[in-house]
Amino acid sequence: MKASLGNLQSPALPRRALRVEEARRALGIGKTKIYELIKDGRLETVRIDRSRLIPVEAIEALLASAKDER
């Protein structure tokens with residue numbers, strides 16, 4: 001019995017990083033604020049070629065630290 005392509009394809013991988021604009025919208029903050037967080041080192045980014053991505057883990061860490069500050 002031959003394997004079909006459907007059997008060989010893996011399920012979609014979860015997103016591990018977001019573009020700056022996607023992260024900004026997900027957090028509900030403005031463009032100036034997200035770049036301020038990046039500049040201050042409070043929000044980690046990674047560069048891949050010319051793209052700047054924000055790991056989902058970095059967003060979760062930012063939210064956890066904001067929660068701790070309350």
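The values are calculated or read from the model by the stated rules, or taken from the named source; none is laboratory data. A quick note: this is a predicted structure, and the numbers were derived from the prediction, not measured. Just so you know, the surface numbers come from the protein's heavy atoms only, side chains and all, with ligands and any DNA or RNA stripped out. Shrake-Rupley method; radii C 1.70, N 1.55, O 1.52, S 1.80 Å.
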With θ set to phi - 60°, apply the Karplus curve 6.51 cos²θ - 1.76 cosθ + 1.60 along segment 21-31 and write out the HN-Hα couplings as whole Hz, x wherever there is a Gly or Pro.
5, 5, 5, 4, 5, 5, 7, x, 10, x, 4
Taking Cα atoms only, helix 56-69 is inclined relative to the longest principal axis of the chain by an angle, in degrees rounded to 10, of 30 degrees
Which value at 222 nm does the chain reach when only helices count, each DSSP H run of 4 or more adding -39,500 (n - 2.57), with the total divided by all residues and rounded to the nearest 500 deg cm²/dmol?
-14000 deg cm²/dmol
Taking amide hydrogens as modeled 1.01 Å from N in the peptide plane, which residues meet the under 5 Å criterion relative to A17, leaving out close sequence neighbours?
V56
With all protein chains in place and a 1.4 Å probe, D49 shows an accessible area in Å² (nearest 10) of 140 Å²
